[in-house]
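Structure first, commentary second.
Taken together, the values in this text are just the output of simple stated rules run on the coordinates, not laboratory data. Computed from a prediction, not measured in an experiment: that's the story for all the values here. Every residue, glycine as well, gets a Cβ built from its backbone with ideal geometry; the counts of neighbours run over all protein chains shown.
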Amino acid sequence: MKPFIRSALALSFSFSVSIAAAAPSPQFKLDFTKAIKTASDAVKVTKEFSEADEIALGQEVASNLLSLGPVLENQEVQNYVNKVGRWVSSHSERPDLPWTFVVLDSLNTNAFAAPGGYIVITRGLLQSLNSEAELAGLLGHEISHVIRKHHLSAIKKADATSFTKGLGSQLLENSGKANNTTRFAVELISGVVALYGKGLEKDDEFEADRMGVVLATRAGYDPFGLPAALQTIQSTSMNSNYLQLFLETHPKPVDRLNQLDRVMGSKFDRYDGLPSLEDRFLKIKESLISRKK
């Protein structure tokens, strides 16, 4: 597993000023600040991300988001989720990214992706599921955010209107100062981190749902796994504190289900015989519930 899986990680979505202002973490082998060699490069990186830029940024974003608490200390569950996630991602258009999947020891219901192939799912969401097909569908959704570069697109939009525009101008005016590139990197990373507090565009979420279904089906799973997972979430009390951030940063489950119903219709009926793998998943779920740590 990647180093950040073994580190002390967290699911803290308060997005405090301390996180937003945090410097890039030194724990990853690829330092994002090194990927931005000059002030000019720092401005250009928001226009067109190379894959190396994307991976480096994703590592730093994951570090900043996950710096305050633990991953689930259950290697069996971590290995299982990584196997399912990597199998689904291997059927995507970007199978060679360093796909890494982490289960956080949090009862919150949530999952999110960082650029470059870093994906997190909470224990609360995982133990609410009923089959491997549901897990594959949810991971397919997060994988699709990475495939479609939704977070990078959001950065580019922000670049034209907000956080990078002013800083970029300042960097160009003061390109001789060594710390400007680092400052830009911090600002850029902080801007991406902020996306997780407000969520992506609804259209991005709907697209990720559609693609998630396709990826799970390509991988040999029942295509109705993701709709089933959304139905489970929909049946949960909307007043649950564990669902608060999920509902604030995603379209309502019923709206997502309606969108999928319109798109899927009867088109996936021919795949109805694909397995859901409930038994295999329930064995992992038992391990998850019996071993809190």
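Below, the figures for the structure above:
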quantity: Ordering of 274-284, 130-140 by packing [mean C-beta count within 10 Å, highest first]; calculated: 130-140, 274-284
quantity: Charge-dipole axis of the range 246-293 as Lys and Arg at +1 and Asp and Glu at -1 on Cβ define it, positive-most pick from Gly273, Leu260, Ser287; calculated: Ser287
quantity: For the range 76-81, Karplus couplings with θ = phi - 60° (6.51, -1.76, 1.60), whole Hz, Gly/Pro x; calculated: 4, 5, 4, 4, 4, 5
quantity: Inter-label distance for Ser287 and Lys267, nm, one decimal - labels placed 7 Å from Cα along Cα-to-Cβ; calculated: 3.6
quantity: Net charge of Cβ neighbours under 15 Å - reference Asp255; Lys, Arg +1; Asp, Glu -1; calculated: -3
quantity: Using a Förster distance of 25 Å, the FRET efficiency for Ala228-Lys252 (Cβ separation, nearest 0.05); calculated: 0.90
quantity: Gain in span if fully extended, Ser240 to Gln75, counting 0.36 nm per residue against the direct Cα distance; calculated: 56.5 nm
